[in-house]
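Engineer: Have a look at this one before I ask anything.
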Amino acid sequence: MATAIITGASQGIGACIAKRLAKDGFDVVINYYPSESSKEKALAVAAECEAFGVKTLCIGADVSKFDQCEAMVKQTKAEFGTIDVLVNNAGITKDTLLARMKEEDYDAVIAVNQKSIYNMLKHTCAVMMKQRHGRIVNISSVAGLYGNPGQVNYSASKAAIIGMTKTVAKEFGSRNITCNAVAPGLIRTPMTDVLSDELKAKMLSAVALGRYGEPEEVASVVSFLASEDSSYITGQVIEISGGLSM
Ligand code: NAD
């Protein structure tokens, strides 16, 4: 059985990806931020995944911390033997205009959204290299492609993910490891629930399909990129935005 790690999988897009990959037949590692409430949610996601007949492992780890990522990868390898798919999904926002943005809010977003990718890649690629097989999918954002007022920290982190994706694709291609990114637009999750109605309406007016995306619509693209059907695709960024900013 193949194994997939999904970071930040206790809710939102990550939870949906975990369930989709479980449906696809992967044993899934559901990473959650180490807190009681996230653990409870992760266990509920695990129960839904197990309904597809796969094994699950819930691991509490703050992905901004190098040693916690190392421990998560080691535990996964010990439990399941292989790591076939890594989905770097965990992310946060701390939005405000640059003029008002505090240094700690800039640093926090970079640590969770960007440094975490290094932390996870560093340890997972070592395992995938030995296997001579791996699929990596990084969750970027349209903010990383086009920028977004109030998100200088977030868009910096998401643009960096695109550079990292292309570099890893080049470094590990000869080892049969693919690395791609997806750039979702406005997806209905707890992260976007908190946006003001005014901002939601403004953003929706630029979406050709005229509606929010659903987490399942991100998960289906990740499922494809995690599968053998995408074996000749690497270093790419696939926008899932309903035609935003065309
Ligand atoms: P969400 O807030 O519902 O989920 C984010 C998850 O990351 C949560 O489970 C949270 O606990 C986890 N997390 C946060 N910090 C963590 C840490 N330090 N260690 C481990 N886990 C941590 O948001 P979402 O909308 O589901 O976002 C998922 C990903 O998709 C993020 O990377 C986000 O930037 C990206 N994204 C979302 C949208 C959108 O419209 N919702 C658009 C583009 C990109």
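Engineer: Roughly how many whole Å is it from the C-alpha centroid of the stretch 129-192 to that of the stretch 225-245?
Structural biologist: 10
Engineer: Still on this model: In whole Å, what three semi-axes, largest first, describe the equivalent ellipsoid of the stretch 37-81 built from its Cα gyration tensor (square root of 5 times each eigenvalue)?
Structural biologist: Details: eigenvalues 86, 46, 6 Å².
Semi-axes from the Cα gyration tensor: 21, 15, 5 Å.
Engineer: List the residue ranges in the chain for DSSP H helices whose C-alpha atoms run 27 angstrom or more along the long axis and whose Kyte-Doolittle average is 0.0 or above.
Structural biologist: Working: long enough: 152-172 (30 Å, 0.28).
Span-like helices here: 152-172.
Engineer: Hey, rough spin-label estimate for D197 and E70, points 7 angstrom out along Cα→Cβ, what's it come to in nanometres?
Structural biologist: If labels sit at D197 and E70, their model points lie 5.1 nm apart.
Engineer: Next question, about the same structure. Rank the residues M191, M164 as a footprinting-exposure proxy: fewest other Cβ atoms within 10 Å of their Cβ go first. Provide the component values of the computation, followed by the final result.
Structural biologist: Values: M191 14, M164 20.
In order of increasing Cβ crowding within 10 Å: M191, M164.
Engineer: Please list, in chain and number order, the residues 5+ apart from L186 or on another chain whose amide H is under 5 Å from its amide H, with Hs placed from the backbone.
Structural biologist: G213
Engineer: Would you calculate the convex hull of the Cα atoms in the stretch 50-184 and tell me its volume per residue in Å³? Before the final figure, lay out the partial values.
Structural biologist: Working: hull volume 15.5 nm³, N = 135.
Expressed per residue, the convex hull around the Cα atoms of the stretch 50-184 is 115 Å³.
Engineer: Please list, in chain and number order, the residues 5+ apart from I238 or on another chain whose amide H is under 5 Å from its amide H, with Hs placed from the backbone.
Structural biologist: Amide H to amide H, under 5 Å and 5 or more residues apart or across chains, I238 pairs with A181, V182, A183.
Engineer: Please state the Cα pair-distance histogram of the chain with 5 angstrom bins from zero: what percent is in each bin?
Structural biologist: Per 5 Å bin, starting at zero, the Cα-Cα P(r) for the chain comes out as 1, 7, 14, 19, 21, 17, 11, 6, 2, 0, 0 percent.
Engineer: Still on this structure: What are the semi-axes of the equivalent ellipsoid for the stretch 182-246, taken as the square roots of 5 times the Cα gyration tensor eigenvalues, largest first, in whole Å?
Structural biologist: Values: eigenvalues 134, 32, 14 Å².
Value: 26, 13, 8 Å, ordered largest first.
Engineer: With N denoting the number of residues in the stretch 63-143, provide Rg(C-alpha) divided by 2.2 N^0.38 Å, to two decimal places. Working shown, then result.
Structural biologist: On the way: Rg = 14.9 Å, N = 81, 2.2 N^0.38 = 11.7 Å.
It is 1.28.
Engineer: For the chain, set up a GNM with springs between Cα atoms under 10 Å and report which of K23, K202, K65 has the largest fluctuation.
Structural biologist: K202
Engineer: From the backbone phi of the stretch 134-141, what are the Karplus-calculated ³J(HN,Hα) couplings (6.51 cos²θ - 1.76 cosθ + 1.60, θ = phi - 60°) in whole Hz, Gly and Pro given as x?
Structural biologist: Each residue's phi maps through the Karplus curve to give x, 10, 10, 10, 9, 8, 8, 5 Hz.
Engineer: Another one. Starting from a Cα-only point model with no solvent, please compute log10 I(q)/I(0) by Debye for the stretch 1-44 at q = 0.17, 0.18, 0.23, 0.30 1/Å.
Structural biologist: -0.39, -0.44, -0.68, -1.02
Engineer: Say a paramagnetic label sat at a point 7 Å from the Cα of S174, along Cα to Cβ; which residues of the stretch 118-155 have their backbone N under 18 Å from it?
Structural biologist: Answer for the stretch 118-155: 125-134.
Engineer: Based on alpha-carbon positions alone, could you give the equivalent ellipsoid semi-axes of the stretch 109-211 from the gyration tensor, as √(5λ), descending, whole Å? Before the final figure, lay out each step's value.
Structural biologist: Details: eigenvalues 192, 38, 25 Å².
The three semi-axes for the stretch 109-211 are 31, 14, 11 Å.
Engineer: Under the rule of -39500 (n - 2.57) per DSSP H run of 4 or more residues, summed and divided by the residues of the chain, what mean residue ellipticity at 222 nm is obtained, to the nearest 500 deg cm²/dmol?
Structural biologist: Numbers: 10 runs with 116 residues, N = 246.
Result for the chain, helices only: -14500 deg cm²/dmol.
Rule-based calculations on the coordinates, nothing more; no lab input. If you're wondering where the values come from, they're calculated on a predicted model, not measured in any experiment. Please note: Cβ atoms are built from the backbone with ideal geometry, for glycine as well, and neighbour counts cover all protein chains shown.
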